[in-house]
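The values are calculated or read from the model by the stated rules, or taken from the named source; none is laboratory data. All values derive from a computational prediction rather than experimental measurement. All Cβ positions, glycine included, derive from the backbone under ideal geometry; neighbour counts span all protein chains shown.
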Amino acid sequence: MSRNNTLDVIKKHNLRLTKSLGQNFLNDDDVVRKIVDAAGLEEDTLVLEIGPGIGSMTKELAKRAAGVVAIEIDKHLIPALRDNLSEYSNIDIINNDVMKADIDAIIAEYGEKYGTKSVRTVANLPYYITTPIIMRFLEEVKGVQGMVFMVQREVAQRMVAGPGTKDYGALSVAVQFYCSPHIIFDVPPHCFIPQPEVHSTIIRLDVLEEPSVSVKDRKLYFKLVRASFGQRRKTLVNGLSNAGFLQKDKEQLKKILEGMGLKENIRGEVLSVQQFGELSNLLTL
Ligand code: SAM
């Protein structure tokens, strides 16, 4: 373990950390270096960092990328963040909520500033809002080629889980629809100030040029996925006929499953990312 200056910065600026904003700051430079290694940065990469905190990881990112745009929600941290990063000229700090900021506009503006279209997202994510942030970056944000996130260990396991396992769910399907996910390494609680109650994992999501499944109606695909996992104990036929958005009765649904070579009493949670695609295409008029 190689401690960094997190504690000094907290003391110098008399910071009170806000638990509800997920403020557990990395206090280990070896971990920071390994996360940044995993991000695969090039000289021309623009990095979007979510939640820089006091900037422990931002510094290492700035050393290895063309520029870093760091989006931090907590205005109380901004003076300490600016002070801690004052030696770096290629860091831009935006005080905003990453769920509200116009990320496409930020990528366009800073991509132009640094003359690049190579964009990666790196974040030690606030755990209270991990899934909404990841979903936003998967579904709405364009132009990001790869993401490296620190998440709660269980969330990383859900992202890589396969059909029929207990961790497999709507998040697994969404991540594997858009990306190829790779677990990189675990980070124990003692690497943070304050220590979180959970173990953390670094996961890399390589964004696919095209989604892993070709679907005619993406909205319907994700409606099917949500309906299938929303009622895990029900059979797929019951879950879908209860969901209310399909104009198909149980017999018609059974026939469609039969046509896919699936049993009529199959549960949704055993369908692969591809099988959800096949089903959604068969249900698309
Ligand atoms: N990157 C720093 C580190 O590794 O030491 C801090 C990581 S800490 C787990 C999460 C950070 O995200 C905090 O600084 C917190 O204030 C910030 N944050 C929480 N919610 C946010 C949001 N909606 N938008 C942007 N930043 C957020």
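Some observations on this one:
- Count of the stretch 140-163 residues, restricted to those that are at pLDDT below 95 and in a helix (DSSP H, G or I), is 0.
- Residue, surrounded by the fewest Cβ atoms within 10 Å (Cβ to Cβ), within the stretch 1-11, restricted to residues that are in a loop (DSSP other than H, G, I, E, B) and within 14 Å of the ligand (Cβ to nearest atom): 3
- Residue, modelled with the highest pLDDT, within the stretch 263-282, restricted to residues that are surrounded by fewer than 21 Cβ atoms within 10 Å (Cβ to Cβ) and either at positive phi or aliphatic (A, V, I, L, M) (or both): 273
- Test result for residue 14, modelled with pLDDT of 95 or more, more than 11 Å from the ligand (Cβ to nearest atom) and on the phi > 0 side of the Ramachandran plot: yes
- Members of the stretch 39-80 found to be crowded, with 23+ Cβ neighbours inside 10 Å, in a helix (DSSP H, G or I) and of a type in the set (Val, Ile, Thr), listed by number: 58
- Any hit, the stretch 182-201, residues being part of a loop (DSSP other than H, G, I, E, B), at pLDDT 95 or above and farther than 23 Å from residue 124 by Cα: no
- Residue match in the stretch 62-85 (condition: more than 11 Å from the ligand (Cβ to nearest atom) and either acidic (Asp, Glu) or outside the structural domain of residue 130 (by TED's automatic domain parsing) (or both)): yes
- Residue within the stretch 155-172 that is under 30 Å from residue 270 (Cα atoms), in contact with a Gly (Cβ under 7 Å, 6 or more places away or on another chain) and in contact (Cβ under 8 Å) with a residue 60 or more places away in the chain present: yes
- Total residues in the stretch 230-260, condition assigned to a loop (DSSP other than H, G, I, E, B) and over 17 Å from residue 164 (Cα atoms): 7
- Going through (1) of a type in the set (A, V, I, L, M); (2) more than 16 Å from the chain's Cα centre (by Cα); (3) in a helix (DSSP H, G or I) one by one, residue 93 falls short only on (3).
- Taken as a whole, the condition of being in contact with a helix residue (DSSP H, G or I) (Cβ under 8 Å, 6 or more places away or on another chain), within 11 Å of the ligand (Cβ to nearest atom) and assigned to a loop (DSSP other than H, G, I, E, B) applies to residue 99.
- Condition check for residue 33 on (1) within 11 Å of the ligand (Cβ to nearest atom); (2) not in a loop (DSSP other than H, G, I, E, B): one failure, at (1).
- The residues of the stretch 17-30 that are of a type outside the set (Ser, Thr, Tyr) and either surrounded by 17 or more Cβ atoms within 10 Å (Cβ to Cβ) or within 13 Å of the ligand (Cβ to nearest atom) (or both), listed by number, are 17, 19, 21, 22, 23, 24, 25, 26, 27, 28, 29.
- Pair list, Cβ < 8 Å and 6+ apart or interchain, from the stretch 111-122 residues that are free of Cβ contacts under 8 Å to residues at least 40 places away in the same chain to residues that are surrounded by 14 or more Cβ atoms within 10 Å (Cβ to Cβ) and of a type outside the set (A, V, I, L, M): 117/111; 117/143
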